[in-house]
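**Q** Sharing a structure, written as structure tokens. Questions coming.
The values are calculated or read from the model by the stated rules, or taken from the named source; none is laboratory data. All values reported here derive from a predicted model rather than from experimental measurement. A quick note on method: Cβ atoms are made from the backbone with ideal geometry, for glycine too, and the neighbour counts reach across all protein chains shown. In case anyone asks, the SASA skips ligands and DNA or RNA and just uses the protein heavy atoms, side chains included. Shrake-Rupley method; radii C 1.70, N 1.55, O 1.52, S 1.80 Å.
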Amino acid sequence: MRTAPDQPSNERTSRPVPPTGVAPTTPLAALTRVPWAEIQDSTGCAAAIPLLLNSVAWGDPDTASAALGDLRKRICQYGFVVEQATAATVPFLWELAQLPQVTCRTEIIQLLRSIAGARQWESTAAVYPKLLNHRENPVVWERQARQAVRAKSGALSRLMADEDTAIAHATTELARTLDE
């Protein structure tokens, strides 16, 4: 049954628009654009990474810290071994590091520093060049991960000026690593 033109409809025809005319951004909105099931982390399929990132973003301090610890093991094992999924994860880490509601921002920045300084695969390939001939080349993963950290380094100045001195200090250390 159709509603007569002079009678109001009870169906919603549009979504509300913020007063500025700009759609609000949702943290981690781009997670679905990454084919997580097709890339690998240290455990195998990287499909769990979005859940971990969301737990870091929205979890209470204990939940966020535990999720970040698991994420670290998956993308930067031992603090220096990156994986195929690392470069795809880095932009989301940068995003989370800048959100005031995230409870483990300092640790996220420290993880970014570890990724930026990772040279395990390059060092190994210098001694064993055959490593470069493998179909899945971890040296490329390492370089892509470092490039991903550098690509978002525009956020460094804002984070270095953060009121939280631990965040400012961790960011200064990250900047030094990027300068090396």
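**Q** With each label point set 7 Å from Cα along the Cα-Cβ vector, what nm distance links Thr172 and Glu122?
**A** 2.6
**Q** I want to verify the translational diffusion coefficient of the range 28-68 in µm²/s; compute it with Stokes-Einstein, Rh as the Kirkwood radius over Cα pairs, at 20 °C and 1.002 mPa s.
**A** 200
**Q** Magnitude of the Cβ-charge dipole of the range 27-121, K/R +1 and D/E -1, about the Cα centre, nearest 20 debye?
**A** About 260 debye.
**Q** Considering only protein heavy atoms and a probe of 1.4 Å, how much of the accessible area of the range 91-180 is carbon and sulfur, as a whole percent?
**A** 50
**Q** Classify the range 56-162 from the C-alpha gyration tensor, please: rounded if a/c falls under 1.5, else prolate or oblate depending on whether a/b exceeds b/c.
**A** prolate
**Q** Right, next: Give me, ordered by chain and number, the residues 5 or more places off Ile39 or on other chains with an amide H under 5 Å from its own placed amide H.
**A** When sequence neighbours closer than 5 places are left aside, the close amide H contacts are Ala46.
**Q** Also: Can you list the chymotrypsin sites (Phe, Trp or Tyr not before Pro) in the range 35-108 that are in a DSSP coil and have 14 or fewer other beta carbons within 10 angstrom?
**A** Here the chymotrypsin sites (Phe, Trp or Tyr not before Pro) that fit, given the DSSP loop and packing criteria, are Tyr78.
**Q** When the chain is fully extended, how far beyond the present Cα-Cα distance does Glu163 get from Thr32, taking 0.36 nm per residue of separation?
**A** Extending this stretch completely gives an extra 43.9 nm.
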